[in-house]
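The values are calculated or read from the model by the stated rules, or taken from the named source; none is laboratory data. Quick caveat: nothing in here was measured; it's all calculated off a predicted structure. Cβ sites come from the backbone with ideal geometry, for glycine too, and all protein chains shown count toward neighbours. Protein only, heavy atoms only, side chains kept; ligands, DNA and RNA dropped before computing areas. Shrake-Rupley method; radii C 1.70, N 1.55, O 1.52, S 1.80 Å.
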Amino acid sequence: MTTTAPPGAADGEGITMNGLRLIRLHAAAFGRFAGLGSGVTLAASAALILLSQWIPWMAANALTTVASTVVATELHARVSFGHGRPGLAGHLKSAATIAAGWLVTSAAVGALAALRPGAGLVLQQTVYLSATALVGMGRYLVLRLAVFTESTPQRRTGGEVRRLRATCEAAA
């Protein structure tokens, strides 16, 4: 952050403007993170349904979990955080955040089952989705601050979006 104000601005306004810019950049990165994560999750769900027609459900679940973790890590590193290829260490750290998230959501649902054995589907889903949202925010922070670190998220341009779209289309 710079400490000089733009011409004609009162002292301190430059800091506020840079702070707002940082908030906008991080909000945009979080939006990309949430959107990409949701998209990968939906695609993995569809793949799980298809795969489970040919192989046992547990095997299909394991395959889609590994594949979606790799894909999500690549997308988050490159698109959400503008970091570039994550490498093996980035993939392993990202996988660790997913494992930790699984433990948290499982604990939340398990605690509900212990505290309210007759809880209905709506309450179960509320607890699960709330835990998942908290895990997602925590995962974003860990990936942003410890795994794919850089001073600020990168601003996206139309050219980068077109290149990403072309890469995704070529992969499909």
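Points worth noting:
- When residues of the range 74-90 are limited to those that are over 18 Å from Ala34 (Cβ atoms) and among the hydrophobic types (A, V, I, L, M, F, W, C), the one surrounded by the most Cβ atoms within 10 Å (Cβ to Cβ): Ala89
- Options Leu112, Leu164: the member that is modelled with pLDDT under 90 and surrounded by 11 or more Cβ atoms within 10 Å (Cβ to Cβ): Leu164
- Residue within the range 91-104 that is open to solvent by less than 30 Å² (accessible area, probe 1.4 Å), among the hydrophobic types (A, V, I, L, M, F, W, C) and modelled with pLDDT under 95 present: no
- Of all the listed residues (Arg78, Arg144), the sole one being modelled with pLDDT of 90 or more and over 25 Å from Ser45 (Cβ atoms) is Arg144.
Conditions tested, residue by residue: (1) at pLDDT 90 or above; (2) open to solvent by 50 Å² or more (accessible area, probe 1.4 Å); (3) in contact with a Ser or Thr (Cβ under 6 Å, 6 or more places away or on another chain).
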{"position": "Pro6", "(1), (2), (3)": "no, no, no"}
{"position": "His26", "(1), (2), (3)": "no, yes, no"}
{"position": "Gly39", "(1), (2), (3)": "yes, no, no"}
{"position": "Ala59", "(1), (2), (3)": "yes, no, no"}
{"position": "Leu63", "(1), (2), (3)": "yes, yes, no"}
{"position": "Val70", "(1), (2), (3)": "yes, yes, no"}
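- Some residue of the range 125-142 being in a loop (DSSP other than H, G, I, E, B) and either farther than 19 Å from Ser38 by Cα or without any contact (Cβ under 8 Å) to a residue 12 or more places away in the chain (or both): no
- Residues of the range 115-141 satisfying the condition of being within 14 Å of the chain's Cα centre (by Cα) and open to solvent by 60 Å² or more (accessible area, probe 1.4 Å): Leu134, Met137, Leu141
- Of all residues in the range 50-108, those being farther than 20 Å from Ala29 by Cα, of a type in the set (Ser, Thr, Tyr) and in a helix (DSSP H, G or I) number 4.
- When Gln53 is tested against the conditions (1) surrounded by 13 or more Cβ atoms within 10 Å (Cβ to Cβ); (2) out of contact with any Phe, Trp or Tyr (no Cβ under 6 Å at 6 or more places or on another chain); (3) of a type outside the set (Phe, Trp, Tyr), the lone failure is (1).
- When Val109 is tested against (1) in contact (Cβ under 8 Å) with a residue 12 or more places away in the chain; (2) under 18 Å from Ala43 (Cα atoms), only condition (2) is not met.
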